[in-house]
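First comes the structure, then the notes that go with it.
The values are calculated or read from the model by the stated rules, or taken from the named source; none is laboratory data. The shown structure was predicted, so the numbers you read here are calculated from the model rather than taken from an experiment. Here the Cβ is made from the backbone with ideal geometry for all residues, glycine too, and neighbour counts use every protein chain on show. In case anyone asks, the SASA skips ligands and DNA or RNA and just uses the protein heavy atoms, side chains included. Shrake-Rupley method; radii C 1.70, N 1.55, O 1.52, S 1.80 Å.
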Amino acid sequence: VQLQASGGGLVQAGGSLRLSCAASGSIFSMNLMGWYRQAPGKQREWVATLRSGSTTAYADSVKGRFTISRDNAKNTVYLQMNSLKSEDTAVYYCNAHITAAIGNRDYWGQGTLVTVSS
């Protein structure tokens, strides 16, 4: 089982990006899914969570600007980021608790860099 994050890039302040995180392998279900980020010189911080029942939660710093969603058919979780600010610049990581043929565990994607220019 692997998580592959993509969609990062360079964007101007006020712009938008959509990150994707696709799971591959013998997956039965993706349960608790989340996005985290790590800015240069800072610790990794939680950004958003989506539970299997579609309950979402967001860090105060992104609430109202970011939206987490999923496509069950594609085993993919998304992070739509709008009204981006320079302080959103970070490497973004996806995380998911996956039930797979080999068992249950948490997986991390490799990270995708988002750079917001002011």
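Within region 40-59, if we keep just the residues that are among the small types (Gly, Ala, Ser) and touching a residue at least 12 places away in the same chain (Cβ under 8 Å), the residue that is surrounded by the fewest Cβ atoms within 10 Å (Cβ to Cβ) turns out to be 52. For residue 81, the conditions (1) closer than 16 Å to residue 12 by Cα; (2) open to solvent by 10 Å² or more (accessible area, probe 1.4 Å); (3) within 12 Å of the chain's Cα centre (by Cα) all hold with the exception of (2). Remark: pairs (first residue in region 60-71, over 16 Å from residue 95 (Cα atoms) and part of a strand (DSSP E or B); second residue of a type in the set (A, V, I, L, M) and modelled with pLDDT of 95 or more; Cβ separation under 7 Å; 6+ apart in sequence or on different chains) = 66/47; 66/48; 66/79; 66/81. Show the residue pairs meeting these rules: Cβ distance below 7 Å; 6+ apart or different chains; first residue within region 83-111 and farther than 15 Å from residue 6 by Cβ and free of Cβ contacts under 8 Å to residues at least 60 places away in the same chain; second residue surrounded by 13 or more Cβ atoms within 10 Å (Cβ to Cβ) and of a type in the set (Ser, Thr, Tyr). These pairs meet every condition: 89/115.
Going through (1) closer than 16 Å to residue 6 by Cα; (2) open to solvent by less than 80 Å² (accessible area, probe 1.4 Å); (3) of a type in the set (D, E, K, R) one by one, residue 74 falls short only on (2). Within region 84-107, the only residue that satisfies the criterion of being part of a loop (DSSP other than H, G, I, E, B), closer than 23 Å to residue 9 by Cβ and either of a type in the set (Val, Ile, Thr) or modelled with pLDDT under 95 (or both) is 89. Here is a check on your reading of the model: is residue 114 in contact with a strand residue (DSSP E or B) (Cβ under 9 Å, 6 or more places away or on another chain), open to solvent by less than 30 Å² (accessible area, probe 1.4 Å) and of a type in the set (A, V, I, L, M)? Yes, satisfied.
The set of residues in region 23-32 that are crowded, with 17+ Cβ neighbours inside 10 Å and either of a type in the set (Gly, Ala, Ser) or at pLDDT 95 or above (or both) contains only 23. Scanning region 1-28 for residues being farther than 22 Å from residue 87 by Cβ, out of contact with any Ser or Thr (no Cβ under 6 Å at 6 or more places or on another chain) and among the small types (Gly, Ala, Ser) gives a total of 4.
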